Amino acid sequence: LPLDGGTVGIAHYASKGLNHLYNEMGDTLAKKYFGKSVKELQNISCTGSTPRGKNDNGTGCYSKEWWKNGMLKFLKDPNSKKIQQDAWNKNYGDKAKEYADSKKEKGWKSERAWAIAAGIKNSTGMSGLRDHAKNKSPEEALASYAGNNNHRIRRAKAINTIFPLGKSKK
């Protein structure tokens, strides 16, 4: 997608999140698909001068044919899904689960609670997760996070669909 200068994959990697994906690819795959090392890719601003939340204004990665073509080839690689999942877990999922596990006594002990923590962390970082979850149950944290922001409300609805309240698998 052209969003934020270039957004890709199952976790909508964009901006700095792409660096996690490049790390997980390693130099071999980075060079195979982009002709550049991981460090070279990380030194490129994928947003360019594109304002956050806007489509590539011609300065982002999406407008660079070498990047767009390389990313499309990478995403078609049969190993791409696992690489993306591993990158997401290392940088978002595992840390969110660790945070939720540390708050079990406050109701953070279900798959739904972990999904809420992971969704908030993926969107706002660890400090955002701490802010929204401070002294709150998972449900209160989700409500605090979503507020009246349409994007965040859609994320909350997705969590509610996949992890319905009261029907946790854990």
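For the stretch 137-170, residues that are open to solvent by 30 Å² or more (accessible area, probe 1.4 Å), closer than 14 Å to residue 103 by Cα and either in contact (Cβ under 8 Å) with a residue 12 or more places away in the chain or in contact with a strand residue (DSSP E or B) (Cβ under 8 Å, 6 or more places away or on another chain) (or both) total 2. Whether a residue is among the polar types (S, T, N, Q) and open to solvent by less than 50 Å² (accessible area, probe 1.4 Å) was assessed, and residue 37 passes this test. The C-beta contact set for the stretch 53-70 (first residue in contact (Cβ under 8 Å) with a residue 60 or more places away in the chain, second residue hydrophobic (A, V, I, L, M, F, W, C), distance under 7 angstrom, 6+ apart or interchain) comprises 67/34; 67/61. Candidates are the residues of the stretch 1-23 that are open to solvent by less than 50 Å² (accessible area, probe 1.4 Å) and at pLDDT 90 or above; the one that is farthest from residue 73 (Cα to Cα) is 19.
Here's the yes/no breakdown for (1) of a type in the set (A, V, I, L, M, F, W, C); (2) closer than 20 Å to residue 29 by Cβ; (3) touching a Ser or Thr at 6+ places or on another chain (Cβ under 8 Å); (4) open to solvent by 90 Å² or more (accessible area, probe 1.4 Å):
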residue	(1), (2), (3), (4)
68	no, yes, no, no
72	yes, yes, no, no
75	yes, yes, no, no
79	no, yes, no, yes
89	no, yes, no, no
99	no, no, no, no
103	no, no, no, no
106	no, no, yes, yes
115	yes, no, no, no
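In the stretch 40-159, counting only helices (runs of 4 or more DSSP H) that sit wholly within it, the ones holding 3 or more residues that are under 19 Å from the mean Cα position of the chain (by Cα), among the hydrophobic types (A, V, I, L, M, F, W, C) and over 16 Å from residue 7 (Cα atoms) span 111-133, 138-146.
The values are calculated or read from the model by the stated rules, or taken from the named source; none is laboratory data. Bear in mind that the values here come from a model prediction, so they are computed numbers and not experimental data. Ideal geometry is used to build each Cβ from the backbone, glycine not excepted, and the neighbour counts take in all protein chains shown. In case anyone asks, the SASA skips ligands and DNA or RNA and just uses the protein heavy atoms, side chains included. Shrake-Rupley method; radii C 1.70, N 1.55, O 1.52, S 1.80 Å.
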